[in-house]
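Single-structure report; data block below.
The values are calculated or read from the model by the stated rules, or taken from the named source; none is laboratory data. Just so you know, these numbers come straight off a predicted model, no measurement behind them. Here Cβ is always computed from backbone atoms with ideal geometry, including for glycine, and neighbour counts include all displayed protein chains. The area values use the complete protein model at the heavy-atom level, side chains included, leaving out ligands, DNA and RNA. Shrake-Rupley method; radii C 1.70, N 1.55, O 1.52, S 1.80 Å.
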Amino acid sequence: VQLQASGGGLVQAGGSLRLSCAASGRTFSPYRMAWFRQPPGKGREFVSSITWRGDPTIYYADSVKGRFTISRDNAKNSVYLQMDSLKPDDTAVYYCAAGGTYSPVEMHEFGYWGQGTKVTVSS
């Protein structure tokens, strides 16, 4: 399984970006997909997750709740992160991940990772 994240870039505070993550490889059916991010000089942190099958169960970090929206397209093996009202504190490399069978937020529960896409929010 390979995950390819895209959609990052430079945006002004208050602006929007939409990240995409496409999965390829053998039969893809994780329990959950997620987005994590790593701000400059800091550790990787949870952003949002969504279950892959059936009615989606969604989680958000408190810092992005109300501003970010996660969604999925099972037919395209893709997950998205719509980011609105961006703040300079959202500046980070964003990673998509697959797995999360036993936890929706713990990084070590996700076994597959994309390469990351950089988001820079200017003030």
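Rounded, prolate or oblate for region 13-83? Axes are the square roots of the Cα gyration tensor eigenvalues, ordered a ≥ b ≥ c, and the cut-off for rounded is a/c under 1.5.
prolate
Treating cross-link reach as a plain straight distance, find the lysines whose alpha-carbon is under 17 Å from the alpha-carbon of Lys87, omitting any fewer than eight places away in the same chain.
Cross-link targets: Lys42, Lys65, Lys118.
Please give the net charge around Gly8, taking every other residue with its beta carbon less than 12 angstrom from that of Gly8, where Lys and Arg add +1 and Asp and Glu add -1.
+2
Which FRET efficiency value, to the nearest 0.05, do you get for Ser24 and Thr69 by plugging their Cβ-Cβ distance into 1/(1 + (r/R0)^6) with R0 = 25 Å?
Here the calculated transfer efficiency is 0.55.
Using a 10 angstrom cutoff on alpha carbons, build the Gaussian network for the chain and name the most mobile of Ala13, Ala75, Ala61.
Highest fluctuation among the options: Ala75.
Solvent-accessible area per residue for the chain at a 1.4 Å probe radius, Å²?
In whole numbers, the chain has 51 Å² accessible per residue.
In a shell of Cβ-Cβ distance under 12 Å around Val119, excluding Val119 itself, what net charge do Lys and Arg (+1) and Asp and Glu (-1) give?
In short, +2.
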